[in-house]
Amino acid sequence: MAQPSARRATISSKSGVDGHPVKLRASNVSFYYGSFRALKDVSLGFAEGKITALIGPSGCGKSTLLYTFNRMYELTPGARVRGSIRLGHQEVTTMGNLQELRRRVGMVFQRPNPFHMSIYDNVAYGLRLMGASKALTDARVEESLRFAGLWDEVSDRLHRSAMSLSGGQQQRLCIARCIAVQPEVVLMDEPCSALDPISTMRVEELIRQLAGTYTVVIVTHNMQQAKRLADYTAFMLIEPFDRYGQLVEFAPTTEIFEDARDERTRDYVSGKFG
Ligand code: ADP
Ligand code: MG
């Protein structure tokens, strides 16, 4: 077995991930749906301004882990988290203001989910919740749609229903809606898996642009996508006896794919199972 090398992503509060500051950190996170433990003792840090991919077979708890970061699970009766999740210096699991948490930690889902309202109103939604002025809202709507590469496609029909857009445009609209409120972290749960290859390429370009400004955590089933996009990759797996999801290995993406330390990671990324 290979010795742990200095190149490995280290998770220490002093050095962060390979020296990068950590924006979001999970420490010994366990998660329960009623009596079923879906995650056990997951610890990892997400480097600020970087893209981290969560990979692993279906059911290993990737979405569940993502939902702990902005407490989406609170919509599920009986769901609860144990352990600590820190956003900067703040503890997420006990944060009082959920609306503010979800502004700071935005989310993009697998199926584009624009609201049944106009293109403009979709992007303005969070800004209005925050009480932003009309001028600020207008400016942010345009800025966000430009960032998402949508402005030229929709600027002449901002007040038409978002449902009139194609699937790929809808997903870019959802990303624009997410960044309009200037989050710190963007969570993405298989954001391209419902899209055709060309829309996927455009959304991937957009995700790449998010890096730097935002800390991105992306769940993907697509190994090539993880390789193309992610600075770091976390490989998760279902523990075979108690069936909980666990983190097997977390490292810079190139190491996960070319030089994984754990045999299970090597088998998964080479397509032996999954
Ligand atoms: P992944 O995203 O990696 O496919 P999930 O996080 O969706 O995995 O699911 C992890 C485990 O938790 C699975 O065993 C799944 O069946 C279970 N699970 C997910 N959502 C619920 C729920 N709302 N109630 C009960 N069990 C759930
Ligand atoms: Mg999932």
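The values are calculated or read from the model by the stated rules, or taken from the named source; none is laboratory data. As the structure is a prediction and not an experimental result, all values here were calculated from the model. When we count neighbours, we look across all protein chains shown, and the Cβ atoms used for this are built from the backbone with ideal geometry, even at glycine. When the accessible area is computed, the model is the full protein with side chains, heavy atoms only, and any ligands, DNA or RNA have been set aside. Shrake-Rupley method; radii C 1.70, N 1.55, O 1.52, S 1.80 Å.
The condition of being open to solvent by less than 60 Å² (accessible area, probe 1.4 Å), away from ligand 2 (no atom under 16 Å from the Cβ) and not aliphatic (A, V, I, L, M) holds for only one of Gly61, Gly96, Gly56, Gly49, that being Gly49. Gly212 fulfils the conditions (1) touching a residue at least 60 places away in the same chain (Cβ under 8 Å); (2) closer than 24 Å to Gly59 by Cβ except for a single criterion, (2).
For segment 183-196, the count of residues that are farther than 17 Å from Gly56 by Cα and among the small types (Gly, Ala, Ser) is at least one. Pairs linking a residue in segment 52-74 that is charged (D, E, K, R) to a residue that is open to solvent by less than 10 Å² (accessible area, probe 1.4 Å) and within 10 Å of ligand 1 (Cβ to nearest atom), with Cβ atoms under 7 Å and 6 or more positions apart or on different chains, are Lys62/Leu54; Lys62/Gly56; Lys62/Val219; Lys62/Met236.
Given the conditions (1) open to solvent by less than 10 Å² (accessible area, probe 1.4 Å); (2) more than 22 Å from Val269 (Cα to Cα), report the number of the one that Tyr214 does not fulfil. For Tyr214, the exception is condition (1).
Within the bounds of segment 240-257, is there any residue that is of a type in the set (Asp, Glu), open to solvent by 30 Å² or more (accessible area, probe 1.4 Å), within 16 Å of ligand 1 (Cβ to nearest atom) and in contact (Cβ under 8 Å) with a residue 12 or more places away in the chain? Yes: one or more hits. Restricted to helices (runs of 4 or more DSSP H) entirely inside segment 119-181, no element has at least 2 residues that are of a type outside the set (Asp, Glu), at positive phi and buried (at least 23 other Cβ atoms within 10 Å of the Cβ).
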